[in-house]
Amino acid sequence: MENEALKQKVIEVLQTIFDPELPVSIWELGLIYEINILPINNVQIVMTLTAPGCPAAQSLPVEVDQKVRQIEGVNDVHVAVTWTPAWDKSMMSEAAQLELGFM
């Protein structure tokens, strides 16, 4: 599978994972900073959370890992959580900002 096609599938999966406190996907929230498709279809994801004390800090990265692993053709997954840059609401998509009443 071509890297771009695999990356698109990863994005589709990320759009099905929701922040437990907000009715918006982690993709629309802007919590995913990077998706890298490495040789032999290893997927590396750099993500953040809305706050360091977020109750989902333990569960969301695990859910991302498990769901991305289920994509056909994916060999291995590495999810890294970063706090730099710190997330803020400007990183959300317009759709998410509308949904949450920020626009």
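Every number here is computed from the coordinates shown, using simple stated rules; none is lab data. Predicted model, so just to flag it, every value in this text is computed and none were measured. Cβ: placed from backbone, ideal geometry, glycine included. Neighbour counts: every protein chain shown.
If R0 is 41 Å, what FRET efficiency do you get for Ile40 and Lys89 from their C-beta distance, rounded to 0.05?
On the way: r = 37 Å, r/R0 = 0.91.
Efficiency at R0 = 41 Å is approximately 0.65.
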> Average projected area of the Cα convex hull of the chain, in nm²?
Replying inline: 6.2
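For the chain, which longest stretch is free of loop sites, where a loop site is one of the GluC sites (Glu not before Pro) that DSSP puts outside H, G, I, E and B and that has at most 10 other Cβ atoms within 10 Å?
Details: sites that count: Glu2, Glu72.
In short, 3-71.
Express as a percent, rounded to the nearest 5, the fraction of DSSP beta bridges in the range 1-96 (both residues included) that run antiparallel.
Values: 7 of 13 bridges.
Just about 55 percent of them are antiparallel.
For the range 56-99, what does the alpha-carbon gyration tensor say about shape, rounded, prolate or oblate, given a ≥ b ≥ c as the root eigenvalues, a/c under 1.5 as rounded, and a/b over b/c as prolate?
Working: a/c = 2.48, a/b = 1.68, b/c = 1.47.
Prolate is the answer for the range 56-99, as a/c is 1.5 or above and a/b outweighs b/c.
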> Which whole-number percentage describes the relative contact order of the range 3-96, with Cα contacts under 8 Å and a sequence gap of 6 or more?
Replying inline: 31
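For the chain, what is the mean residue ellipticity at 222 nm derived from helices alone (per DSSP H run of n ≥ 4: -39500 (n - 2.57); sum divided by total residues; nearest 500 deg cm²/dmol)? Provide the component values of the computation, followed by the final result.
Working: 4 runs with 33 residues, N = 103.
Helix contribution divided over all residues of the chain: -8500 deg cm²/dmol.
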>> Using amide H atoms built in the peptide plane, which far-off residues or other-chain residues are under 5 Å from Tyr33 H to H?
In response: Val46, Met47, Thr48
> Which chymotrypsin sites (Phe, Trp or Tyr not before Pro) in the chain pass both tests, a DSSP loop state and at most 16 other beta-carbon atoms within 10 Å?
Replying inline: Trp83, Phe102
> How many nm separate the modelled label positions at Ile71 and Ala51, each set 7 Å beyond the Cα in the direction of the Cβ?
Replying inline: 3.1
> With θ set to phi - 60° and the Karplus curve 6.51 cos²θ - 1.76 cosθ + 1.60, what are the ³J(HN,Hα) couplings of the range 64-73 in order, to the nearest whole Hz, using x for Gly and Pro?
Replying inline: 4, 4, 5, 5, 5, 4, 6, 5, 4, x
